[in-house]
Amino acid sequence: MQIIRRLTQSFLNFIITHPKSVLSVFIFFTIALGLQISHFKIDASPDTLLMRDNIHYIQTQVTERRFSSPEFLLIAYKPRQGSIFSPRTLDTLKALSARIKRIDRVETVRSILNVPVLIQTDTKISRDVDLSKTSIEHNHYDTGLIKKEFTRHPVYENLLVNETHNATAVQVVFSSDKELEEIENRILDLQKKSLDEEGLSDSDEENLTRLKKQAEPLKLKLESLRNAEIETIKGIIKDYEADADIYIGGIHALAYELIRIIKHDLIVFGIGITAIMCLVLFIIFRKIQWVLIPVLCCACSVTITMGLFALLGLKTTVISSNFITLQLILNLALVIHLIVQYREYNAQYPDLDQNELVKKTLFNKITPTFYAGITNAVGFGSLILSNIQPVISFGWMMTIAMFMSIMVSLILFPAVVALFKKEPAAGEQVFSRLIMRFFSWPALQRPYLVFIAGVCLLAVSAAGLFRLNVENSFINYFKKTTSVNRELSYIDREFGGSTPLDVVYTIDPTDKDRLLVITAETVRMLHRIDHSLERHEAVGKIMSLTNFFILAKEINKDKPLTEYEVTALYRTMPESFRSDLIDTYYSQKHQQVRFSIRIKDTTEGLDRGKLISGIKEDMKALHIPEDRFILTNLFILYEDILGELFRSQILTLGSSCAILMIPFFLLFRSLKIALIGIIPNIMSVVIVLGFIGWAGIPLDIMTITIASISLGITVDDMFHFISRYLDELKDNPGDKAAHQTLFSVGYAMLYTALITIIGFLLLAFSDFVPGILFGLLTGLSMVITLVTTLSLLPALLVKFVKK
């Protein structure tokens, strides 16, 4: 230990005596890694929020491959004048479709113009008939006939026209990347194999890793292409907005908007928080050097960290999009503690020169600063144990960020301060002293009142934990005043929902007849399933084989087809028609039928968990065993990930707190002090979560990580406070030691909290609702942390940690 101590002292002496060399090294690495930031990626695609290797994800991938689900965007067109069937609207749709069709990857543009008109024209479906020739664009149909065709159409309504016929939609279907599709099919085969009892062999694991590496650049290229396509389509749409309200929707349109907002928030709020930080630092310290030094430290820390992320291939997602804000605040907290200690020593020891002051400050603060940073890293590192890839990435990102913050605080800060001349001793801030007096009176004079108030607040907050729930609505991710919310909401309401859910039904083996494509008993069962799904208010458009049966019945003068007629029709219909209307929903090889459902996210009081349970109960009521149906697609996957987030982040708080006690014990060598140090941490987390529960705020993909972040923010102040208290306790009784600590370290905690609260409150002006809630709840967490640390912690220390 003595050798380590001497080496540490020698290194710190070098930093202080050679500040220009240290600064030059940091500037070099900041510039070198800063050049890599252009390669730093933001990935807000829906896939980043999924658990890749769980059974629901694999089932969804298998379903999409089996039923050939195409990638598409939906463009809703609501003319301001005239009918959607008027010549003017049809001409506009034709021109719009033609321009979109010229985009390289667009395979098909479907609209009311080019779909078959079958019911009103008595067209027979057979291989000899070119059904595309029955469309509006190839004929001069009467407007009345067109309206009749699309009214309550089993396929087109809520897909190409809304129920009131005042809006129509253009479905843009994209071709797939064959090379990527081939690689992903091979990956899927291996993932399916991983679910077997034998699992994957070592060679399979190596092959899977290799295939994923092959797929990664192709996915990045495709994602970039999708964003460019959406920008192109938005540019085309602008030319037609004078005559109509036009809305764009779809999963990839949502991802595009998420990336746009995340980029905007990273820049705008990063600048805003930096400006607030500068202003508050200047108001507090009244010296420009105490603005420049923290800003330089934070800027170097964030720049180096982002450059490392780019080199390591770590991408920010929706969950980790506020990592810059978090790193700024946590780095600033470490630096402010050092500044306050330096200024205190400057006032106490006027005869010391600048280098001696910096050295004394650093030697005093190196241990609590190091342990505070390490504990933060451990707290965020616990996220690595999650089963969810974006959460794991967030854990790694914040762990790396915290190590960079420790390095900058303990190396760059003293080097830069050593370059400045010694300043005159500064007096105390009257406002800060009044706040410390406000907290010191109950903590030191009436500790039992603090204990009673703490226990009561903890009990009330703990009751709120039982009211916590998780919810996920893509539409509600955006403020109601934003254009993206209006677009997604309109399509959700008028065109049969937005979030896809698949129910895959395996046909009863006893209903199989090798002479028939499908039996009459199976058709009846499909209709029963369809009717049971329709009863749920949140269920929007349902597409399955039943839509084809209803269409065939209407074409057949309202007479249902027999099972033999269905079989004959299936075998004689045009291949393109069968591909669109049959094969997408029926796999004869696997004897499975897919019900493709879109859930209406705007449904008032939608409880997604209850909806899933309700569908399962419906299947049970139809005497369909659990092994003959599965629920898949994004609706299930996001419920799955939220449930896993809740379990991993909320229900494991006890183990997280236990892990955080280890650094306390290692530093203070006392189980009692470790327990005292962790109590305010637990209180802060429970109070914040209790508030969320009582306020009825649903936990989403960002706010659900608030528990881990609250622990990380809180533990920093605990180390500094306890460390200073124990130092003061060597020469003073408990109450005097606590008083001295409050009026020294307490100032640093107050300043950090003030900047953090104001900085996070800026997020309230974001368009991204999870970001707004994250900012407000993190600000609340800081308020609670400040109150518990300045009142409960000194009361506990005075009561239980004697001289």
- line: Of those in region 344-398 that are among the aromatic types (F, W, Y), over 26 Å from T303 (Cβ atoms) and not in a loop (DSSP other than H, G, I, E, B), the residue most open to solvent (accessible area, probe 1.4 Å) is F363
- request: Scan region 141-166 residue by residue and report those that are touching a helix residue (DSSP H, G or I) at 6+ places or on another chain (Cβ under 6 Å), in a loop (DSSP other than H, G, I, E, B) and in contact (Cβ under 8 Å) with a residue 60 or more places away in the chain.
  value: P154, V155, N162
field: Every residue from region 561-586 that is loosely packed, with under 14 Cβ neighbours inside 10 Å and either of a type in the set (D, E) or not in a helix (DSSP H, G or I) (or both)
entry: T562, E565, E575
query: Which is over 32 Å from the mean Cα position of the chain (by Cα) and either in contact (Cβ under 8 Å) with a residue 60 or more places away in the chain or under 24 Å from N166 (Cβ atoms) (or both), of V523, V539, V517?
result: V517
message: Yes or no: region 695-702 includes at least one residue that is open to solvent by less than 10 Å² (accessible area, probe 1.4 Å) and part of a helix (DSSP H, G or I).
response: no
statement: Conditions (1) open to solvent by 20 Å² or more (accessible area, probe 1.4 Å); (2) of a type in the set (V, I, T); (3) more than 24 Å from P414 (Cα to Cα) -> I246 fails only (1)
- request: Check V295 against each of (1) open to solvent by less than 20 Å² (accessible area, probe 1.4 Å); (2) free of Cβ contacts under 8 Å to residues at least 40 places away in the same chain and name the one condition it does not meet.
  value: (1)
statement: In the set Y240, Y256, Y247, the lone residue that is under 30 Å from R493 (Cα atoms), assigned to a helix (DSSP H, G or I) and either in contact with a His (Cβ under 9 Å, 6 or more places away or on another chain) or not small (G, A, S) (or both) is Y256
Among the residues listed as I136, I146, I125, the single one being closer than 24 Å to L73 by Cα and either at pLDDT below 90 or out of contact with any strand residue (DSSP E or B) (no Cβ under 8 Å at 6 or more places or on another chain) (or both): I136
message: Considering only residues that are in contact with a Ser or Thr (Cβ under 8 Å, 6 or more places away or on another chain), at pLDDT 75 or above and assigned to a helix (DSSP H, G or I), which ones fall in region 1-55?
response: T30, L33, G34, I37
- prompt: Looking at (1) among the polar types (S, T, N, Q); (2) assigned to a loop (DSSP other than H, G, I, E, B); (3) surrounded by fewer than 17 Cβ atoms within 10 Å (Cβ to Cβ), which is the one condition that is false for S132?
  reply: (2)
query: Just a yes or no: is a residue in region 409-426 surrounded by fewer than 18 Cβ atoms within 10 Å (Cβ to Cβ), in contact with a helix residue (DSSP H, G or I) (Cβ under 9 Å, 6 or more places away or on another chain), modelled with pLDDT under 80 and of a type in the set (G, A, S)?
result: yes
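The values are calculated or read from the model by the stated rules, or taken from the named source; none is laboratory data. All values reported here derive from a predicted model rather than from experimental measurement. Every residue, glycine among them, receives a Cβ derived from its backbone with ideal geometry; neighbour counts consider all protein chains shown. Side chains are part of the model used for accessible areas, which takes the heavy atoms of the whole protein and leaves out ligands, DNA and RNA. Shrake-Rupley method; radii C 1.70, N 1.55, O 1.52, S 1.80 Å.
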